[in-house]
Amino acid sequence: MTYMLWQILDMKAPLSANILQALDYHTKKYGTHPNILEHSKHLSGVPNVDGVEFMPVSVPKNILLIGVKI
């Protein structure tokens, strides 16, 4: 699986807004809707998004890994 790395530049902005922006960017750039998002296991308040599986992993708090799981 290939991931798109997304760096959250404004950690003071709501996490849900950053995640939705990243998912939208992936869709526009690659033409496919992502269905997996890996995030820091230290983030709190990770929202639910229909059709997207969220997985906590060992990455810095400001990094999201977004991809399409087949």
Based on this model, can you work out whether Lys29 counts as touching a residue at least 24 places away in the same chain (Cβ under 8 Å), under 23 Å from Asp10 (Cβ atoms) and more than 13 Å from the chain's Cα centre (by Cα)? yes
If you go through the range 3-10 one residue at a time, do you hit one that is surrounded by fewer than 12 Cβ atoms within 10 Å (Cβ to Cβ), outside any loop (DSSP other than H, G, I, E, B) and touching a His at 6+ places or on another chain (Cβ under 8 Å)? no
Where Val49 falls short, out of the listed (1) surrounded by 15 or more Cβ atoms within 10 Å (Cβ to Cβ); (2) in contact (Cβ under 8 Å) with a residue 24 or more places away in the chain; (3) closer than 16 Å to Met1 by Cα: (3)
Which one of these is small (Gly, Ala, Ser) and touching a Pro at 6+ places or on another chain (Cβ under 8 Å): Ser44, Ser40? Ser40
Residues in the range 11-59 that are part of a strand (DSSP E or B) and under 17 Å from Lys69 (Cα atoms) total 9
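Every read-out reported here was derived from the displayed coordinates using simple, explicitly stated rules and does not represent laboratory data. Note that the coordinates shown come from a computational prediction; the quantities given were computed from them, not determined experimentally. As a convention, Cβ positions derive from the backbone with ideal geometry for all residues, glycine included, and neighbour counts pool all protein chains shown.
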